[in-house]
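What follows is a single structure, written as structure tokens, with notes after it.
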Amino acid sequence: MSECVKSQIKASVMAPIKTVILAAGKGTRMKSEKPKVLHEIFNKPLVSWVLSACEDANSLENIVIVGHKSEMVQDFVSKNHPKSICVEQKEQLGTGHAVSMAKSELNNFEGNVLILCGDTPLITSMSLKKFIEFHNKNDADVTVMSAILENPFGYGRIIRDEKNCVSEIVEQKDCNDLQKEVKEINAGMYCLNWQKVKGFFDSLQNNNSQNEYYLTDIIKWGNDNKLKVSGYVLENYDETLGINSRVQLAEAFKTMNDRHLNNLMENGVTIVSPENTQISPETEIGADTVIFPNTFINGKNKIGKNCKIGPFAHLRGDCVIEDNVKIGNFVELKKSYVKSYTNICHLSYVGDSEVGSNVNVGAGTITANYNSITKEKKKTIINDGASIGSNVVLVAPVELGEKAFIGAGSVITKDVGANALGLTRNPQREIKNYVK
């Protein structure tokens with residue numbers, strides 16, 4: 001048995017984890033004024049998907065290396081990921097140089113450091129946990145993540161020695177004929193015993209055609225310094241795909257969506273037309289719920305059992321829908337709580353609302369919840385058993401009492417009490433012979 005595969009013999013004590021995320025690049029091929037890592041999938045920036053995976057993998061702190069338009073990335077990270085900090089890389093001199101920017105933050109850290117890229121939104125917390133566990137069980141100092149590709153052209157190859165340990169990473173342009181046949185490629189993620197390897201970042205060299213300081217050199221440095229260098233083969237290579245263009249952004253979106261839809265279907269959700277349905281991975285859906293075609297669900301939502309959603313429904317995020325609810329054709333929901341046995345059937349918008357159980361929301365009903373002058377969003381409360389006729393506008397803030405009834409065509413600007421009829425409708429007029 002090789003020295004680098006003793007995982008079956010003895011497991012190390014789980015060391016604390018911190019993460020360094022490389023997010024300084026401009027992303028020239030995106031052709032955008034926005035930093036590459038702030039481009040979105042399901043309204044969530046690429047770097048945020050990576051940060052969420054790290055948080056779920058129990059990272060104590062995430063150090064985001066920023067560069068191009070750093071203030072935009074820092075602003076997003078500080079507002080949305082409180083366990084993360086940003087460190088600026090003023091000159092982009094390579095991946096090794098980028099990680100070295102985090103040295104002062106990690107100087108006294110006793111644990112393992114994950115190195116990830118901020119443009120890999122498909123990586124999962126489960127894969128990161130397995131990666132860390134492999135590193136610990138092998139008592140490794142350096143572990144590189146790899147994958148097996150049938151067509152590895154263009155990728156750096158993982159070269160292993162006779163003991164199956166990783167000896168070096170060789171880029172495509174530097175491979176000899178034998179190395180070109182290797183199908184194990186560098187996935188660009190690392191797990192490092194920080195106290196053992198931090199010296200590498202004090203001895204970086206840029207003796208290469210690009211005059212850059214490469215993180216991949218840590219493999220040879222580790223072997224030269226008698227450290228334990230290991231390689232972890234990722235089961236699903238798709239998780240390491242980086243985003244460098246709009247085409248790759250669309251491909252990643254499709255991969256993420258397909259993965260989540262398959263998981264939902266395997267857990268009892270009916271997706272009538274998967275090829276015409278998009279559901280954020282942050283959305284939970286209960287068994288026996290049916291999602292009809294052309295439904296788009298963004299953000300974090302929780303949908304109960306035995307619901308019917310769509311077709312052509314749009315959930316924009318922060319929605320909780322209890323069991324046995326129907327959200328029908330061309331209905332849009334945002335930041336709302338809908339209790340059980342309620343129907344919001346078609347052509348309606350419900351936002352910033354609490355909707356009780358056994359409520360019927362008629363066609364064309366909207367909650368007017370946004371004041372464009374003050375930029376405030378107000379709340380609408382619809383209590384149990386209320387019934388709303390077609391083409392009603394509820395001007396928030398407003399509350400409908402239990403079993404309140406709202407006449408069709410009404411514009412409701414004041415609260416309506418329980419069991420009361422709310423109605424704002426001018427008397428119908430008829431002007432005879434008008435057409436003549």
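Cβ-Cβ distances below 8 Å connect the following pairs, each with a first residue in the range 208-228 that is touching a residue at least 40 places away in the same chain (Cβ under 8 Å), a second residue that is open to solvent by 50 Å² or more (accessible area, probe 1.4 Å) and among the hydrophobic types (A, V, I, L, M, F, W, C), and a separation of six or more residues or different chains: Glu212/Leu93; Tyr213/Leu93.
Of the residues that make up the range 12-22, is at least one at pLDDT below 95 and over 22 Å from Asn107 (Cα atoms)? Outline the logic, then answer.
Within the range 12-22, the subset at pLDDT below 95 is 12-15.
If we keep only those that are over 22 Å from Asn107 (Cα atoms) as well, we get 12.
Among the residues of the range 12-22, at least one is at pLDDT below 95 and over 22 Å from Asn107 (Cα atoms), which makes the answer yes.
Farther than 22 Å from Thr240 by Cα, part of a strand (DSSP E or B) and open to solvent by 60 Å² or more (accessible area, probe 1.4 Å) - does that describe any residue in the range 81-94? Checked against the condition, which is being farther than 22 Å from Thr240 by Cα, part of a strand (DSSP E or B) and open to solvent by 60 Å² or more (accessible area, probe 1.4 Å), the range 81-94 yields at least one hit. Counting the residues of the range 24-44 that are part of a helix (DSSP H, G or I), open to solvent by 10 Å² or more (accessible area, probe 1.4 Å) and either without any contact (Cβ under 8 Å) to a residue 60 or more places away in the chain or not charged (D, E, K, R) (or both) gives 2. Ala363 meets the stated requirement of being touching a His at 6+ places or on another chain (Cβ under 7 Å) and either under 19 Å from Lys326 (Cα atoms) or modelled with pLDDT under 95 (or both).
Among the residues of the range 246-268, is any more than 27 Å from Ala187 (Cα to Cα), open to solvent by less than 60 Å² (accessible area, probe 1.4 Å) and in contact (Cβ under 8 Å) with a residue 12 or more places away in the chain? Checked against the condition, which is being more than 27 Å from Ala187 (Cα to Cα), open to solvent by less than 60 Å² (accessible area, probe 1.4 Å) and in contact (Cβ under 8 Å) with a residue 12 or more places away in the chain, the range 246-268 yields at least one hit.
Taking the numbered list (1) under 22 Å from Cys319 (Cβ atoms); (2) surrounded by fewer than 17 Cβ atoms within 10 Å (Cβ to Cβ) in turn, Thr413 passes all entries but (1).
Report the residue count in the range 126-154 for those that are of a type outside the set (A, V, I, L, M, F, W, C), at negative phi and open to solvent by 30 Å² or more (accessible area, probe 1.4 Å). Steps first, answer last, please.
Taking the range 126-154 and keeping what is of a type outside the set (A, V, I, L, M, F, W, C), we get 127, 129-130, 133, 135-139, 141, 143, 146, 150-152, 154.
Cutting the leftovers down to at negative phi gives us 127, 129-130, 133, 135-138, 141, 143, 146, 150-152.
Of the ones still in play, those that are also open to solvent by 30 Å² or more (accessible area, probe 1.4 Å) are 129-130, 133, 137, 150-151.
Of the residues in that region, 6 qualify.
Rundown of residues vs (1) open to solvent by 80 Å² or more (accessible area, probe 1.4 Å); (2) under 21 Å from Cys307 (Cβ atoms), yes/no style:
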{"residue": "Phe330", "(1), (2)": "yes, yes"}
{"residue": "Lys334", "(1), (2)": "no, yes"}
{"residue": "Val338", "(1), (2)": "no, yes"}
{"residue": "Cys345", "(1), (2)": "no, yes"}
{"residue": "Ser348", "(1), (2)": "no, yes"}
{"residue": "Ala363", "(1), (2)": "no, yes"}
{"residue": "Ile366", "(1), (2)": "no, no"}
{"residue": "Asn371", "(1), (2)": "no, no"}
{"residue": "Val398", "(1), (2)": "no, no"}
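Within the range 97-112, the residues that satisfy the criterion of being more than 15 Å from Ser59 (Cα to Cα) and either among the aliphatic types (A, V, I, L, M) or in contact (Cβ under 8 Å) with a residue 40 or more places away in the chain (or both) are His97, Ala98, Val99, Ser100, Met101, Ala102, Lys103, Asn107.
Mind counting the residues in the range 161-176 that are touching a Gly at 6+ places or on another chain (Cβ under 7 Å) and open to solvent by 40 Å² or more (accessible area, probe 1.4 Å)? The total comes to 1. Summed over the range 366-415, the residues that are hydrophobic (A, V, I, L, M, F, W, C), without any contact (Cβ under 8 Å) to a residue 24 or more places away in the chain and in a loop (DSSP other than H, G, I, E, B) give a count of 2.
Restrict the check to the range 374-384 and report whether at least one residue is open to solvent by less than 60 Å² (accessible area, probe 1.4 Å), more than 30 Å from the chain's Cα centre (by Cα), polar (S, T, N, Q) and within 14 Å of Arg425 (Cα to Cα). So far as the range 374-384 goes, no, none of its residues is open to solvent by less than 60 Å² (accessible area, probe 1.4 Å), more than 30 Å from the chain's Cα centre (by Cα), polar (S, T, N, Q) and within 14 Å of Arg425 (Cα to Cα). Scan the range 62-71 and give yes if some residue there is basic (Lys, Arg) and either under 13 Å from Met189 (Cβ atoms) or under 17 Å from the mean Cα position of the chain (by Cα) (or both), otherwise no. No, the range 62-71 contains no residue that is basic (Lys, Arg) and either under 13 Å from Met189 (Cβ atoms) or under 17 Å from the mean Cα position of the chain (by Cα) (or both). Of all residues in the range 284-297, those that are open to solvent by less than 10 Å² (accessible area, probe 1.4 Å) and either at positive phi or part of a loop (DSSP other than H, G, I, E, B) (or both) total 2. Out of the range 198-239, which residues are part of a strand (DSSP E or B) and either on the phi > 0 side of the Ramachandran plot or surrounded by 19 or more Cβ atoms within 10 Å (Cβ to Cβ) (or both)? Those that are part of a strand (DSSP E or B) and either on the phi > 0 side of the Ramachandran plot or surrounded by 19 or more Cβ atoms within 10 Å (Cβ to Cβ) (or both): Val229, Ser230, Gly231, Tyr232.
The values are calculated or read from the model by the stated rules, or taken from the named source; none is laboratory data. Computed from a prediction, not measured in an experiment: that's the story for all the values here. Cβ coordinates were reconstructed from backbone atoms using ideal geometry, including for glycine residues, and neighbour counts include every protein chain displayed. Surface areas here come from the heavy atoms of the whole protein model, side chains and all, with no ligands, DNA or RNA. Shrake-Rupley method; radii C 1.70, N 1.55, O 1.52, S 1.80 Å.
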